[in-house]
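Taken together, the values in this text are just the output of simple stated rules run on the coordinates, not laboratory data. Just so it is clear, the model here is predicted, and its values are computed rather than measured. Don't worry about glycine lacking a Cβ; one is built from the backbone with ideal geometry, like all the others, and counts go over all protein chains shown.
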Amino acid sequence: MKKICFLLFWCCSVSAFAGTETALKTNKQPQPLVFIAGFDEGDNTYYANAKNYFINQYCQVVEEAQSLAEILDWLRLHYDANVYGDIHIVSHSNPWRGLSMKTNPESDRITAATLEDALHMKEVMPLAVNFLRKDTKIIFHSCGLGANKKLLQSLKKAFTKDAQIPLYASEFFNVFGGKYTGHYLAKTYYGYYPTAHSPGPRALAMEFQKKYPNVKADWETILKIRAEQLPGEMYTYRFNIPVEWEFEFEAKEDIPNFNNTQEIIDWISEDETLLSTITAFNIPIEKFRWLTKVRGNTLYIKGKTTVLCVMQPIMKTDAKHEYSPVIINGISYTKV
């Protein structure tokens, strides 16, 4: 049996209402640079909202450089220490598979492993040691990236080589274009079920209660709320994670015949490579809906899980109806 294994992954992102674009303001202070490293698909407006937010903050927004290599090349061609200050990068991210931004336009998404390989193969060339201003901060606005310390170290190496330039990212979710504020951070709580096979709000609420016993929340009600209602109110964002594998056999007779979902799960679990792929998500294998299809000598196995991402906006401790400001060098952003 020859195995051809590949993974399709949808990244999670959160966006709401877009702001109003305004003209850039002339400022003698170094102007922040913002790279919008992606594009919106379907009805998602995450990148559009981020663009509008940063334009309203009088930043220069760059959209033509979206991969890491393109951003570094853009900086080498256009960066002027007398003109530009902090560097912001907006890219979808999630706790399962790193950034949606690619190392170059033809590559896979960025993970710690793919980035280290790209650096080793010199597919990504770091900036010269003294290239950036000494007081420059590099800030990633990517959901949950701050929790991935290994990837943050690789990103810092890619941008600054050995220079002492700090790089920041938050462990929380970044929300742009909110109903009450243009940019805020949110704590997240996760639940899962096989796509198209939800056990229902009550059963899901019981799972959340068991998983997060110290969180005081009416989970059953929150799971039905799809967007911000009142300032600071918890709500639920849903998205799917699909997985797909192909297995090529020498003869059609060698292809296993699965009678039910459990047999598919057992077959996957017996293969260390397949099981490690699922284990890396930290999502139970039974939370995926598993389907198979045979074409010729090829077996296709498809899995899909629906992620329930409960968002809790981070509010001021002394004013619970006011959103906590996003402070880059505060405790909300991890520094490397």
Practice task
Once you have all Cα-Cα distances for the stretch 149-292, histogram them in 10 Å bins from zero and send the whole-percent values.
Solution key: 8, 26, 27, 23, 13, 3, 0
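Hey, got a sec? Which GluC sites (Glu not before Pro) in the stretch 238-321 land in a DSSP loop and have at most 10 other Cβ atoms within 10 Å?
Values: sites: GLU244, GLU246, GLU248, GLU250, GLU253, GLU263, GLU270, GLU272, GLU286; in loops: GLU250, GLU270.
Counting only loop positions with at most 10 other Cβ atoms within 10 Å, the GluC sites (Glu not before Pro) in the stretch 238-321 are GLU250, GLU270.
How big is the convex hull of the Cα atoms of the stretch 259-301, per residue, in Å³? If you can, show how the numbers build up before the last one.
Details: hull volume 3.3 nm³, N = 43.
Spelled out: Cα convex hull of the stretch 259-301, divided by residues, is 77 Å³.
Starting from 0.36 nm per residue, how many nanometres of slack lie between GLU220 and ILE328 once their C-alpha separation is accounted for? If you can, show how the numbers build up before the last one.
On the way: separation 108, 0.36 × 108 = 38.88 nm, distance 3.40 nm.
Extending this stretch completely gives an extra 35.5 nm.
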Handout entry: Dipole-positive endmost among ASN214, PRO242, ILE285 within the stretch 194-336 (Cβ charges, Cα centre)
Key = ASN214
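Restricting to DSSP H runs of at least four residues, report the calculated mean residue ellipticity at 222 nm for the chain, -39500 (n - 2.57) per run over all residues, nearest 500 deg cm²/dmol.
Working: 8 runs with 75 residues, N = 336.
The helix contribution divided over the chain gives -6500 deg cm²/dmol.
Would you kindly state how much longer the chain becomes between LYS150 and LYS134 on full extension, computed as 0.36 nm times their sequence separation minus their alpha carbon distance, in nm to one decimal? Don't skip to the answer; put the middle values down first.
Working: separation 16, 0.36 × 16 = 5.76 nm, distance 2.36 nm.
Going from the current span to full extension adds 3.4 nm.
Of LYS134/LYS156; LYS210/LYS304; LYS157/LYS335; LYS102/LYS134, which ones are farther than 25 Å apart at the Cα? Intermediate results must be reported in sequence, preceding the final value.
On the way: LYS134/LYS156 14 Å; LYS210/LYS304 23 Å; LYS157/LYS335 13 Å; LYS102/LYS134 27 Å.
Exceeds cut-off: LYS102/LYS134.
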Practice task
Express in whole angstrom the spacing between the alpha-carbon centres of the stretch 199-219 and the stretch 231-285.
Solution key: 25
Problem - Sites THR261 and ASP80, calculated FRET efficiency, Cβ-Cβ separation with R0 35 Å, nearest 0.05 - result: 0.05
Exercise for the section: Towards the positive end of the charge dipole of the chain, with charges on Cβ (+1 Lys, Arg; -1 Asp, Glu), say which of GLY296, TYR184, MET311 has the farthest Cα. Expected result: TYR184
Practice task
Would you look at the GNM of the chain, springs on alpha carbons closer than 10 Å, and say which of ASP218, ASP135, ASP318 moves the most?
Solution key: ASP318
Practice task
May I ask what percent, to the nearest 5, of DSSP beta bridges between residues of the chain are antiparallel?
Solution key: 75
Practice task
State, to one decimal in nm, how far the label point of GLU272 lies from the label point of GLN164, with both points 7 Å from Cα in the Cβ direction.
Solution key: 4.4
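Round to the nearest 0.05 the FRET efficiency obtained for ILE283 and GLN29 when R0 = 45 Å and r is the Cβ-Cβ distance.
Values: r = 45 Å, r/R0 = 1.01.
The formula returns an efficiency of 0.50 here.
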Exercise for the section: Can you tell me the dipole magnitude for the chain around its Cα centre, using point charges on the Cβ only (Lys, Arg +1; Asp, Glu -1), in Debye to the nearest 20? Expected result: 980
Completion exercise
Row for the stretch 105-146, column shape: gyration tensor on C-alpha, a ≥ b ≥ c, rounded if a/c < 1.5 i.e. under 1.5, prolate if a/b over b/c, else oblate; value oblate
Practice task
Specify the residue with the greatest mean-square fluctuation among ALA128, ALA112, ALA147, computed from a Gaussian network of the chain linking alpha-carbon atoms under 10 Å apart.
Solution key: ALA128
Practice task
Run down the aspartates and glutamates and flag those whose C-alpha is under 15 Å from the C-alpha of LYS149, throwing out any fewer than 8 positions away in its chain.
Solution key: GLU116, GLU171
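Based on Cα coordinates alone, diagonalise the gyration tensor for the chain, multiply each eigenvalue by 5, take square roots, and list the semi-axes in whole Å, largest first. Don't skip to the answer; put the middle values down first.
Working: eigenvalues 276, 154, 51 Å².
Three semi-axes, in Å: 37, 28, 16.
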